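Below you'll find the structure, written out as structure tokens, and then a few comments.
The values are calculated or read from the model by the stated rules, or taken from the named source; none is laboratory data. Predicted model only: the values in this text are computed from it and were never measured. For neighbour counting, all protein chains shown are included, and Cβ atoms are generated from backbone atoms with ideal geometry for every residue, glycine included.
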Amino acid sequence: MSSNKLFDSATVRLTGWYLLILVVLSLFFSVIVYTLASHEFERAAGPRRVDMVIIDEIGDFNERRQQRIEISNRYLITNLVMFNIFTITAGGIASYLLARRTLRPIRDAMESQAQFSSDAAHELRTPLAVMRSEIEVELRDKQSSKASRGKILLSTLDEVNRLQTLTERLLMLANKSRREISPIWVEASAIDAVNQSIAAAQAKHIVIDHTVGREKAMADQAGLTDVLSILLDNAIKYSPPKSNITVSSRHKDSHIDIDVQDNGIGISSEHIPKIFDRFYRADTSRTKANVEGHGLGLSIAKRIAEAMGGELRVRSTLGEGGTFTVRLPRAKK
Ligand code: ADP
């Protein structure tokens, strides 16, 4: 069943339940009001006369008394019926609106889950399709040489590496494990992240300057290393060869900012609000054509930073590079 149909039928069912509760309450109070009010009418009409001598007068009096009570009761019943019709009609509309409101976050989550699965499948399909067609062509070629088979194997290995990175990132995104928040040295994570990125930087003759101070933040050591690795990975990917990247830190009273700054291609202001979305890649020919990626790194980094009680921000100008800042609560000494 599509998420829209599921949402509609769940809304109708929830509306039904809300309405049922309302009807039961409304009828319950109507019965109580009717019972109390009719007792009151009896009391207000005074006692039945039995001490009169003239029988006709007694009959007349009791009949008129009974009529008054019946008129009051009928009037009460009409009002209660009107009240119930109004309550059920207005309550029905309110129940429907309330049910939609209650279920909307669930529908949004379902839609985002479906979108995620379809984006993930799409990302997995491309390298698989490339591998399949290359292998098929090679198998059909009866005169294929050892050299050409080697080329295919290398290309397949490339695609396998890409798939491995993608699956690792998908796993990181799905990882709901709680982060161990404790006072940690930010410098230690920065050093680890720089070490992890050094090979990629050297391949492009990029120099990473690291000036992170000996500061303590409230964070998860591995989490901070992951965030800084992702930021460094991007800084290297989106910077020209022989450029410089700086990792530095600043502290304020309550927090520490760790900056990863590059002089790369930068990000235009229209893309900045979207780059933290899953699978989003700034759609410029420069990034899409030349740089590999799946659009998952920043969404993972942001999620980890927030799980540690921190945040991830960016300042960037197209063509002039940019600075990604991880802000973390400062640990009390
Ligand atoms: P990926 O790098 O795999 O595409 P990310 O989620 O890490 O995915 O980044 C999303 C997008 O943000 C990238 O496609 C790129 O357009 C932009 N971006 C991220 N980091 C930088 C950077 N340091 N310089 C320029 N653009 C960047």
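Things worth noting here:
- Candidate set from the range 311-331 (those that are closer than 12 Å to LEU298 by Cα and among the aliphatic types (A, V, I, L, M)); member that is nearest to the ligand (Cβ to nearest atom): VAL314
- Within the range 166-202, if we keep just the residues that are surrounded by fewer than 16 Cβ atoms within 10 Å (Cβ to Cβ) and among the polar types (S, T, N, Q), the residue that is nearest to GLU136 (Cα to Cα) turns out to be THR167.
- Only residues that are small (Gly, Ala, Ser), under 22 Å from MET172 (Cα atoms) and within 13 Å of the ligand (Cβ to nearest atom) were counted in the range 213-246, giving 2.
- VAL314 meets the stated requirement of being more than 17 Å from GLY223 (Cα to Cα), aliphatic (A, V, I, L, M) and either part of a loop (DSSP other than H, G, I, E, B) or at pLDDT 90 or above (or both).
- Among the residues of the range 247-279, those that are near the ligand (Cβ under 10 Å from one of its atoms) and modelled with pLDDT under 90 comprise ARG278, PHE279.
- Scan of the range 189-211 for residues that are touching a Leu at 6+ places or on another chain (Cβ under 9 Å), more than 17 Å from ILE304 (Cα to Cα) and outside any strand (DSSP E or B), ordered by number: VAL194, GLN196, SER197, ALA200, ALA201
- Within the set ASN73, ASN62, the sole residue that is among the polar types (S, T, N, Q), in contact (Cβ under 8 Å) with a residue 12 or more places away in the chain and in contact with a Phe, Trp or Tyr (Cβ under 7 Å, 6 or more places away or on another chain) turns out to be ASN73.
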